[in-house]
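These notes are about the structure you will find just below.
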């Protein structure tokens, strides 16, 4: 029995309980894109053309892949604001860890004065 | 606004005293099995209460051993190795098995659904699981202690903990690892509950500040605890496998452990203090019969502490060998977190100003919190400053600082909460006189224990040392004497709380005449918190004491210690004259 | 509010199914946030050492089996697809479709673990192990230890990389196994007709966890296997 006074839990436009149903063609295209990006990263890493920036290229491609997984497979495309905020917050907090760890490890060799 | 006009609002009369719930959550089933398989958040709160009290006692005994040993400059009762194990046990027990679960596990579990007008937390079975996981973790910790203890300090730094220590490191660390999951489960449950299960009309701007502070705490629990999980896992792997990522022999950096450890353990101290701050906001408003000064500021400062608190951990590592530039950054960030804490203190002071203050035990504990937290917080600034920290690091100054905030702050906050909500949880009132005496003894004993430690630390006595030069003798004796007073003070509530269960006056639904939703239900509450046919609908903010209404817009009953004919706040249906501290509020419905 | 007026799937403390589903979804996302931070600690530690010991880490990474890891990547990404299709089948009430997709996901995840087992066996055989007594201990003369010494690299730091390799893939593997268990639990629920369309969110909860484990692999793989992809072997 639904209480109409309850704070709505789903965004407006959803009246039914099921929400959005995925379309298989979209899913297959996303799948193909992720695999294609993987082939790209393997290829670019083996050529060594980016030198010391190879890691950044790999991480960038990985981020795009993870973004595709999150947006399409994990349904962030249709997610509540708070779900998207949770996902972004986890990345932000991971960022805090990385940036502040690096602030030490990148500057340890530099001597004061 | 220069003319003072009296506004008469049409406020519903105070509700009649709710009929005692039959059955209530306590007497619905007396069997042990019903307690061990309960999914009722209130019962789970009581399960946590019993267990953490036991760990508090154990941690207190360990503290007693430490302080007794320090009565003599050469170590009075135990040798160096045993001393290492004693202070490690004290730290591990108090931090992981008392302070971190205390307010979220006991008061958070019990009160959050009631304060937001829900029937239970979002995931009741997960809640029960969190208690069992906590007990399993604590079981490993206790096993480690009984198995001779750990001698690494609660901070577990390698390479000593991973390589050289012959003490019971793996069981103890495993206990910490497991109990961390309990913390994550509780935090997750509270966050989802606050997002998705608020009663109609309970907007974010009408949430009690206790809920805000527990929400901020849960955020920290959720995001910080996994890092201590991976850290303890890596430590155990290194110890068991004989090789690992902190091993200097293969290029590993022990300071990396410290980074990972403190990434959690610094926010962990905010897990410990934020709930206490939430309790203080509830108690100060009720016992000064005033709205909180600056609701938005206090709510946002809780979130600010939670977020900024993740960016300052390396102030524990200033002399560990991190880069100077990194230390500068962390020192600056550490000063920054004092700002939201200070905002709260100013707002609490503003709340008290021109309030109708009475001094029941919850209020005494809450006021004690404010004073002791201010001192503790200010001394933290000396430690956050790079130059002075070089002198003060690893001395008793640090010990005094964190005991001021954790004991003077958090434990007093927990006691305030326990005393405030005891009538709701048990349906009984405890002795007013003895509770005030206990509060005073605790606060006096606390000062006597820890103020000498500031002096000791400033003069250079290192922490974790079982012996010291003769010149420090008198301060150590003072500190131990204070610890005995403090210990005695903690024992007194055990008596009057236990006695209250059998002989205490039966409590009404709202004995303190407070405004929150949890007080609109009988004491003790029924199984699903409220009459299921009449779940609460919220129309007002959380602290409308000057308007004399609760969150459902009804009048407040006569509070104890109030109600002299000259006291304007006790006259129902009338407001006090508008003045600088009385905000006009729109009452809906 | 009698039991006959609401779905058997609705739990008592929730007001309606939308609230229940939204809460479950938010709950699992918050749990995933904890998993992100769990691995972040590990990745952060790796990043610090990779910065300091770039030569040794890249060298050690060149000894990892990129072929096996690529096949495993294919397995895992495909399993993410089938897991998402399983949610779709649940929403549409397609019980046999749920079985098909869940079992495919399970098969692909298991294939990942089997191949990982072969990979570890190969590593053990070639002495690609971090322990002092096992590093480079193999009949093959031109092994990792020998080649590191030939290049003038610090074998300790090479072994440090190997610590990360085993710890990271090991913890990831544990997460896969837990995921496989959850998938079997869903299969059992489906058998008991407990996954009607109103209860699709149970499938979604496991699916979200599975996708995260996949996403973590998408970062893990380049970090461990492709760091030295440009380095040719000396022999």
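The values are calculated or read from the model by the stated rules, or taken from the named source; none is laboratory data. Keep in mind that this is a model prediction, so the values were computed, not measured. Please note: Cβ atoms are built from the backbone with ideal geometry, for glycine as well, and neighbour counts cover all protein chains shown.
Numerical summary
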{"item": "Residue count for the stretch B:431-461, restricted to those that are touching a strand residue (DSSP E or B) at 6+ places or on another chain (Cβ under 7 Å) and under 15 Å from residue B:402 (Cα atoms)", "result": "1"}
{"item": "Residue, farthest from residue B:551 (Cα to Cα), within the stretch B:170-227, restricted to residues that are part of a loop (DSSP other than H, G, I, E, B) and more than 21 Å from the chain's Cα centre (by Cα)", "result": "B:197"}
{"item": "Set C:60, C:54, C:86: member being at pLDDT below 95 and more than 7 Å from every other protein chain (Cβ to nearest Cβ)", "result": "C:54"}
{"item": "Answer from B:223, B:256, B:274, B:235 - the residue that is away from chain C (no Cβ under 14 Å) and either more than 25 Å from residue C:28 (Cα to Cα) or in contact (Cβ under 8 Å) with a residue 60 or more places away in the chain (or both)", "result": "B:274"}
{"item": "For residue B:296: the one exception among (1) within 14 Å of chain A (Cβ to nearest Cβ); (2) more than 20 Å from the chain's Cα centre (by Cα); (3) at pLDDT 95 or above", "result": "(1)"}
{"item": "Pairs where the first residue, in the stretch B:60-80, is free of Cβ contacts under 8 Å to residues at least 24 places away in the same chain and the second is crowded, with 17+ Cβ neighbours inside 10 Å and in a loop (DSSP other than H, G, I, E, B), C-beta under 8 Å, 6+ apart", "result": "B:76/B:70"}
{"item": "Criterion: facing chain A (nearest Cβ under 9 Å) and modelled with pLDDT under 95 - qualifying residue of C:93, C:15, C:41", "result": "C:15"}
{"item": "Selected residue (criterion: farthest from residue C:217 (Cα to Cα)) from residues of the stretch C:145-180 that are in contact with a helix residue (DSSP H, G or I) (Cβ under 7 Å, 6 or more places away or on another chain) and assigned to a loop (DSSP other than H, G, I, E, B)", "result": "C:151"}
